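Coordinate-derived values only; no laboratory data. Remember, it's a predicted structure, so these values are computed and weren't measured experimentally. All Cβ positions, glycine included, derive from the backbone under ideal geometry; neighbour counts span all protein chains shown.
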Amino acid sequence: MSNFIDEVKSRRTFGIISHPDAGKTTLTEKLLFFGGAIRSAGTVKGKKTGKFAKSDWMEIEKQRGISVTSSVMQFDYDGFRVNILDTPGHEDFSEDTYRTLTAVDSAVMVIDSGKGIEPQTIKLFKVCRMRGIPIFTFINKLDRVGKAPLELIAELEEVLGIEAYPMNWPIGMGKEFLGIYDRYYNRIEQFRVEEDDRFIPLNEDGEIDGDHPIKQSSLYDQVLEEVELLNEAGNEFSRERIAEGTLTPVFFGSALTTFGVQTFLETYLKFAPEPQPRHSDQGYIDPLNEQFTGFVFKIQANMNPAHRDRIAFVRVCSGKFERGMNVILSRTGKQMKLSQSTQFLAESRETVNEAVSGDIIGLYDTGTYQIGDTIVGGKPIIHYDPLPQFTPELFVRVRAKNVMKQKQFHKGINQLVQEGAIQLYKTKFEEYIIGAVGQLQFEVFEHRMKNEYNSDVVMEHLGSKIVRWVEGDKVDENLNTQRSMLVKDRFDKNVFLFENDFALRWFQDKHPDVKLYNPMDEY
Ligand code: G4P
């Protein structure tokens with residue numbers, strides 16, 4: 001059993017968050033490269049090589065040059081097993097990212113040193129904050145001239161409200177970038193210098209003993225001054241505060257030139273949390289608990305164009321998963337044998353035979369799973385907390401173009417809803433209304449309906465609405481008006497779609513007895 005405990009404790013499962021173009025893909029590639037999961041950088045995403053962009057619906061992604069899928073990558077490094085969960089950076093897919101962040105134990109935040117904190121960084125940071133996820137910061141692109149490091153640290157503290165502890169400090173930037181002054185390892189790591197000479201050890205005072213050409217540079221003096229300032233006036237390093245998510249260790253580097261990435265990885269693995277307990281209706285479940293449990297945080301269709309398959313991504317929260325094992329789907333109580341499972345690597349998908357707490361497994365899905373489902377390896381049956389569901393803001397009325405193709409239409413819609421790609425509502429006339437957070441989700445929906453389910457759809461845009469759920473099961477149908485549309489969600493709950501904020505307030509004034517709520521308020 002101690003073997004099992006060691007296995008679990010060796011897991012490090014994290015997501016990378018960033019604003020598009022900050023360098024998340026590049027950093028991921030370099031991490032995978034050090035982990036030996038890929039032979040050369042530039043193979044992670046279709047954006048770079050076209051290699052993984054073959055499936056039809058990813059055409060949209062290619063055309064727009066954005067990443068709309070999230071995938072899982074795993075590698076071993078220094079006795080750790082690392083699981084990286086990729087998250088889409090585009091804001092229209094933030095719901096997907098939110099769900100993915102429920103399956104990680106920590107997050108790496110990539111910041112472009114030239115741009116500082118960008119809007120999507122703020123949004124994603126807030127999610128991590130709310131969930132108390134420890135955050136490690138990688139400030140990227142030091143090979144270019146960017147903002148002053150002190151300014152970047154101040155931005156972290158002022159814009160995001162998190163205290164920062166710089167683990168290292170850049171010596172110059174852009175053409176004058178000489179490397180990083182590593183406070184943690186008490187050494188200087190030189191930029192563009194071969195392995196053997198790259199590191200210069202520092203003495204007890206944090207300075208280079210004897211002669212070294214780098215001492216001739218005024219940048220060296222400047223960095224000593226700045227580091228002294230950090231030592232005297234900066235935050236103190238605290239492992240506990242990192243674990244609580246109130247202090248972020250900051251690393252500087254340049255992912256493109258592979259500089260500072262290995263140092264980051266090694267230090268990160270030292271401080272990143274092992275698999276953490278998850279909350280369920282039976283309280284927190286310890287990852288070292290022997291009973292296998294996990295939850296579905298993502299469902300993705302057609303990842304492999306060769307077989308039109310769907311995969312449910314499961315975060316293992318306790319116990320050990322073994323291929324062929326019997327599990328119970330908590331929602332239905334149904335027993336299933338898990339014989340088909342996959343694990344994800346950058347270059348290939350492999351069959352997984354065993355996985356422990358912290359790992360992510362992919363289960364082939366024929367429509368069995370829903371986002372948020374718990375699976376357990378036996379009794380007692382537990383249910384992990386529901387996943388956050390975004391309150392959609394944009395709505396379209398949708399129907400099949402060809403009335404003879406209702407079957408495909410319904411199949412497509414139902415599957416896409418189960419995947420969490422869109423949210424579905426029905427009017428009392430059985431009309432379908434779908435809701436999304438961003439316009440791009442509708443485009444992907446339309447594209448996938450046509451390409452995956454052979455169903456052309458007609459979409460009538462209803463614009464933005466304010467959604468509120470109704471407490472209790474009953475509601476007076478006469479309250480259904482143009483400005484307060486009454487619909488049912490897919491669980492048959494009553495929902496109002498208000499035309500605007502004014503309509504919502506007017507309704508609340510007029511009908512104080514109807515209790516409205518927004519589930520997102522709980523997050
Ligand atoms: P993302 O996944 O966060 O969206 O960012 P990605 O890694 O795709 O990087 C965005 C752009 O920034 C890419 O350039 C990439 O090469 C560049 N980049 C990433 N890291 C660094 C760095 O450390 N230094 C510099 N100078 N650039 C970096 P692109 O021109 O948009 O793409 P590509 O055509 O070069 O692939």
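List of remarks:
- Antiparallel DSSP beta bridges within the range 131-282, as percent of all bridges there, nearest 5: 65 percent
- Per residue, the Cα convex hull of the range 397-523 amounts to 116 Å³.
- Counted by Cβ distance under 14 Å from V145, the other residues give a net charge of +1, where Lys and Arg count +1 and Asp and Glu count -1.
- Fewest-first ranking of M109, M73, M325, using other Cβ atoms within 10 Å as the exposure measure: M325, M73, M109
- Binning all Cα-Cα separations of the range 137-270 at 10 Å, short to long from zero, yields these whole-percent fractions: 12, 45, 36, 7, 0.
- Order of K405, K126 - criterion: other Cβ atoms within 10 Å of each residue's Cβ, fewest first: K126, K405
- Overall, the ratio between the Cα radius of gyration of the chain and 2.2 N^0.38 Å, rounded to two decimals, is 1.05.
- 5 angstrom amide H check on T481, placed H, neighbours 5+ away: L486
- Translational diffusion coefficient (Stokes-Einstein; Kirkwood radius from C-alpha pairs) of the range 223-317 at 37 °C, 0.692 mPa s, in µm²/s: 184 µm²/s
- 5 angstrom amide H check on M325, placed H, neighbours 5+ away: L338
- Taking every alpha-carbon pair under 8 Å whose residues sit at least 6 apart, the chain reaches a relative contact order of 13 percent.
- Alpha carbon convex hull of the range 337-484, volume per residue in cubic angstrom: 179 Å³
- Intensity falloff of the range 435-479 expressed as log10 I(q)/I(0), Debye formula with alpha-carbon point scatterers, at q = 0.17, 0.28 Å⁻¹: -0.69, -1.04
- Per-residue Cβ neighbour rank within 10 angstrom, fewest leading, V356, V398: V398, V356
- Mean residue ellipticity at 222 nm, helices only, the chain: -7500 deg cm²/dmol; runs of at least 4 DSSP H residues each add -39,500 (n - 2.57), and the sum is divided by the number of residues.
- ³J(HN,Hα), Karplus 6.51/-1.76/1.60, whole Hz, each residue of the range 13-26, x for Gly, Pro: 10, 9, x, 10, 10, 5, 7, x, 6, 6, x, 4, 5, 4
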